[in-house]
Amino acid sequence: MKLPTGELFVTFFFLVGITLWGTAYSSYQRHQQVVKNGASAKGLVVGLHRVKRHGYSLAPSIRYQVYDGRELVFHSSEGQNPPVYQIGDEVTLYYNPLQPENVWLADNYLMVYVLAGIGALFLLVSVWEIRESTVIIWKWMDNS
């Protein structure tokens with residue numbers, strides 16, 4: 001029996017989709033935990049920087065004060081074009097008091113949406129055929 005490449009392709013797409021959805025869900029849950037159990041602070045956008053050296057997306061650099069009075073600057077890795085924030089904007093952020101450098105911006109779920117969207121595309125391509133593909137792959141493995 002020949003290698004079921006089409007079925008392996010469908011299975012690969014299904015597994016990638018599930019993995020991306022799981023990663024998006026995990027990221028969302030971590031964000032919710034920091035919002036629920038962490039400390040909040042008001043920050044001030046003090047600059048915008050490019051996420052990639054020659055890219056167009058701009059991400060904010062935000063100065064904020066933590067519970068012990070120290071001022072820190074958070075350089076976000078999630079940028080957009082046009083930028084969501086402008087220099088001088090006040091933003092709410094959340095951080096873990098034990099690791100105040102670990103910052104989550106309020107209502108910033110861009111990465112969750114991106115991962116879930118790409119995962120949905122992979123699942124859309126594969127979900128209709130995954131059951132049949134799995135049966136064919138198991139039969140192929142049993143005959144090998």
Margin query: Just to verify a result, which residue in region 103-140, among those that are of a type in the set (Ser, Thr, Tyr) and part of a helix (DSSP H, G or I), is farthest from THR5 (Cα to Cα)?
Written below: TYR113
Item checked: Those residues of region 43-102 which are among the polar types (S, T, N, Q), within 22 Å of the chain's Cα centre (by Cα) and surrounded by 12 or more Cβ atoms within 10 Å (Cβ to Cβ), in sequence order -> SER57, SER61, SER76, GLN80, THR92, ASN96, ASN102
Margin query: Taking the condition of being farther than 21 Å from TYR56 by Cα, touching a strand residue (DSSP E or B) at 6+ places or on another chain (Cβ under 9 Å) and not basic (Lys, Arg), how many residues in region 69-104 meet it?
Written below: 16
Margin query: If I ask for residues that are under 30 Å from GLU90 (Cβ atoms) and out of contact with any helix residue (DSSP H, G or I) (no Cβ under 8 Å at 6 or more places or on another chain), which ones from region 115-142 would you list?
Written below: GLY117
Checklist line | Residue count, region 82-127 (criterion: modelled with pLDDT under 90 and either of a type in the set (A, V, I, L, M, F, W, C) or under 14 Å from PHE14 (Cα atoms) (or both)) | finding: 11
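The values are calculated or read from the model by the stated rules, or taken from the named source; none is laboratory data. Note that the structure is predicted; figures quoted are calculated from it, not measured. As a convention, Cβ positions derive from the backbone with ideal geometry for all residues, glycine included, and neighbour counts pool all protein chains shown.
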